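A.B. asks: Below is the structure I would like to discuss, written out as structure tokens.
The values are calculated or read from the model by the stated rules, or taken from the named source; none is laboratory data. Please read these numbers as outputs of a predicted model, since none were measured by experiment. Quick reminder, even Gly has a Cβ in these numbers, built from the backbone with ideal geometry, and neighbours come from all protein chains shown.
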Amino acid sequence: ENVLERVNVVSHVLQKKNVDLIQAATLLENTRNSLLLLRDQFEDIKSTAQGLAASWGISCHFTQKRAWLVKRHFD
């Protein structure tokens, strides 16, 4: 299961008119825990994606995250 599938299930449940709040809260907590586990496995997921891209002949260049610019206010 990927991230979008997990979030999509929660989204559909929360959009229902007759949503059970206890079920929705439990589902949100389970999804949060799943995403935290995926976050810990990021490097494994990234290497799997790179291998899949290489087998398909797709370039997998990950750009570096740019540095945040801090706005400076002068008095």
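A.B. asks: Counting only residues that are surrounded by 13 or more Cβ atoms within 10 Å (Cβ to Cβ) and over 27 Å from THR48 (Cα atoms), how many does the stretch 1-13 have?
C.D. replies: Result for the stretch 1-13: 1.
A.B. asks: Of everything in the stretch 42-57, what is exposed (fewer than 10 other Cβ atoms within 10 Å of the Cβ) and at negative phi? Give them in sequence order.
C.D. replies: PHE42, GLU43, SER55, TRP56
A.B. asks: Restricting to the stretch 21-62, name every residue that is within 14 Å of VAL7 (Cβ to Cβ) and either of a type in the set (Val, Ile, Thr) or in contact with a helix residue (DSSP H, G or I) (Cβ under 9 Å, 6 or more places away or on another chain) (or both).
C.D. replies: If the condition is that a residue be within 14 Å of VAL7 (Cβ to Cβ) and either of a type in the set (Val, Ile, Thr) or in contact with a helix residue (DSSP H, G or I) (Cβ under 9 Å, 6 or more places away or on another chain) (or both), then ALA24, LEU27, LEU28, ASN30, THR31, SER34, LEU35, LEU38 are the ones that fit.
A.B. asks: Just name the residue that is surrounded by the fewest Cβ atoms within 10 Å (Cβ to Cβ) out of those in the stretch 14-33 that are of a type in the set (D, E, K, R) and more than 14 Å from the chain's Cα centre (by Cα).
C.D. replies: Across the stretch 14-33, the extreme among qualifying residues is LYS17.
A.B. asks: Could you tell me whether the stretch 34-41 includes any residue that is exposed (fewer than 13 other Cβ atoms within 10 Å of the Cβ), modelled with pLDDT under 90 and not in a helix (DSSP H, G or I)?
C.D. replies: yes
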